[in-house]
Amino acid sequence: MLERLIRSLEASPVMKRGEYDYFIHPITDGVPLVEPALLREVGCAMVRVLDLSGVDKIVVCEAMGIHIGVAFSMMTDIPLVVVRKRSYNLPGEVAVHQTTGYSKGELYLNGVSAGERVVIIDDVCSTGGTLRALISALGQVGAEIADICVVISRGDADIGRPLKTLVRVDVSGGRVRVVDTCI
Ligand SMILES: O=P(O)(O)OC[C@H]1O[C@H](OP(=O)(O)OP(=O)(O)O)[C@H](O)[C@@H]1O
Ligand SMILES: Nc1nc2[nH]cnc2c(=O)[nH]1
């Protein structure tokens, strides 16, 4: 089922961001372009693996969660919340710190209330810093996290909760290899 994703990942270029080996792929970077068939394949797989029972909202992070979140929201009719990298100073906004393998910044959550049931989706989990920040922000507003899924995992980050992954990759020697798939 994930043939397009697997084929395109194994053709991904890898570049250095400082010491970090960073792969470049349409789903994780939006470049050179995002094929609708690839986006559909990812969206359909996420619909199959995620537990959506009673879910009120989908939570994604700017920027590379957005296209996946839009596809998933249109397929499931569940509203989408985008966690932003700048503040809107709206009442109840929650700020958390994000650290990745190559960057640091702040994330700002709006639009989720206490008691709401959400799923988190994202393009990739590497150090887990982004997912831990999202989990912390959702905990601070009192939301219930029903499920979490990323398209691609690299490494074995501990996010303190179960994480579903469409494909696991190894990035070494300047290459991406798919080592496991969930379906
Ligand atoms: O597991 P981690 O080490 O946290 O890495 C994963 C995060 O890295 C990327 O986000 P990034 O903040 O680089 O921004 P972008 O989505 O704007 O490219 C990606 O979209 C994930 O959210
Ligand atoms: N595109 C891309 N995004 C990432 N986010 C965390 N690691 C990576 C990576 O290697 N490539």
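Read-outs: derived from the displayed coordinates by stated rules, not from any lab. It should be emphasised that the depicted structure is a prediction, and the values quoted were computed from it without experimental measurement. Every residue, glycine as well, gets a Cβ built from its backbone with ideal geometry; the counts of neighbours run over all protein chains shown.
Per-structure values
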item: Within a Gaussian network of the chain (alpha carbon springs, distance under 10 Å), most fluctuating of Arg117, Arg84, Arg17; result: Arg17
item: DSSP beta bridges in the chain [antiparallel fraction, %, rounded to 5]; result: 45 percent
item: Cα gyration tensor shape for segment 59-141, rounded if a/c is under 1.5, else prolate or oblate; result: oblate
item: Rounded to the nearest 20 debye, dipole of the chain from Cβ charges on Lys, Arg, Asp, Glu; result: 280 debye
item: Positive dipole terminus of segment 91-183, leading residue within Ile148, Tyr108, Cys125 (C-beta point charges); result: Cys125
item: Overall form of segment 1-105 per C-alpha gyration tensor (a/c, 1.5; a/b vs b/c); result: oblate
item: Segment 1-27-segment 115-159 distance, computed between alpha-carbon centres (Å); result: 21 Å
item: Angle between the chain longest axis and helix 129-141 axis [Cα atoms, degrees, rounded to 10]; result: 10 degrees
item: Among Leu134, Leu38, Leu166: highest mean-square fluctuation, GNM of the chain, C-alpha pairs under 10 Å; result: Leu38
item: Residue list for segment 143-163, given a label point 7 angstrom along the Cα-to-Cβ vector of Ser8 and an amide N cut-off under 19 Å; result: 149-154
item: Three principal axis lengths of the chain [C-alpha, angstrom, descending]; result: 46, 35, 29
item: C-alpha center-to-center spacing [segment 167-183, segment 35-56] in angstrom; result: 20 Å
item: Degrees separating the helix 66-76 axis from the principal Cα axis of the chain, which is the longest one; result: 70 degrees
